[in-house]
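Structure first, commentary second.
The values are calculated or read from the model by the stated rules, or taken from the named source; none is laboratory data. Since the structure is predicted, the reported quantities are computational estimates derived from the model, not experimental observations. Cβ coordinates were reconstructed from backbone atoms using ideal geometry, including for glycine residues, and neighbour counts include every protein chain displayed.
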Amino acid sequence: MSRLSRRPVCSRCERPLAGCLCACIRPLDNAVPLLILQHPEEARQAKGTARLLQLCLQRCERQVGEHFRAPAPDTHPLLLLYPPGPGATAPQRPALAAGQPAPRLVLLDGTWRQSRQLMHNAPWLQTLPRLALTAPPPSRYAIRKAHAPHQLSSLEAAALALAQLQPGLDTRALWDAMDAFVALQQSLASAARAGRH
């Protein structure tokens, strides 16, 4: 058994108690449901934001794996949050217009290499209409290096997508959660550095 596995873990956020992120949670009642498909390597990444996103959102499911089956059909049409490409679209109408069901937003959580792997392993994902973010702001994800200025954490991307799909939704709770999470990670890193001196 490794030393890491013996550390006490929070039953809610599933992180070691020393890095528990429960204080970062800011609840948000989203009408647009979210499905997070997470690569296993990303699930082990302490700086990942998907678990926090899941805990913040009222309607959110997270699955971990490398191969995913298409969800059973329901009233929510699937919409993939992914960069522009064939089929990329910005919604032409409010997603919650009267009589029309909200889409179910699908988000791939992992590095770009991992997300491409997930797409390759699940051809049904490649058939989904895509949502491209319109003019995203600079990332607040100061604790993890991005390879390009437009790259965002999963939490940031979801906050922007939900704002596009659900007009009038106040997503400040997610941005507050993001800021609290970054501050937590920075304080943990500082404490670790101080402990080495």
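Here are some notes:
- Any chance residue 6 is under 30 Å from residue 100 (Cα atoms), more than 14 Å from the chain's Cα centre (by Cα) and surrounded by fewer than 21 Cβ atoms within 10 Å (Cβ to Cβ): no
- The range 1-29, residues that are among the small types (Gly, Ala, Ser) and at pLDDT 95 or above: 23
- Contact annotation: residue pairs with Cβ atoms under 6 Å, 6 or more positions apart or on different chains, pairing a residue in the range 40-53 that is touching a residue at least 12 places away in the same chain (Cβ under 8 Å) with a partner that is among the β-branched types (Val, Ile, Thr) and not in a helix (DSSP H, G or I), are 40/64; 43/64; 47/143; 50/36.
- Meets criteria (closer than 30 Å to residue 187 by Cβ and surrounded by fewer than 16 Cβ atoms within 10 Å (Cβ to Cβ)) for residue 44: yes
- Filtered residue count, the range 9-29, keeping only those that are in a loop (DSSP other than H, G, I, E, B) and surrounded by 14 or more Cβ atoms within 10 Å (Cβ to Cβ): 7
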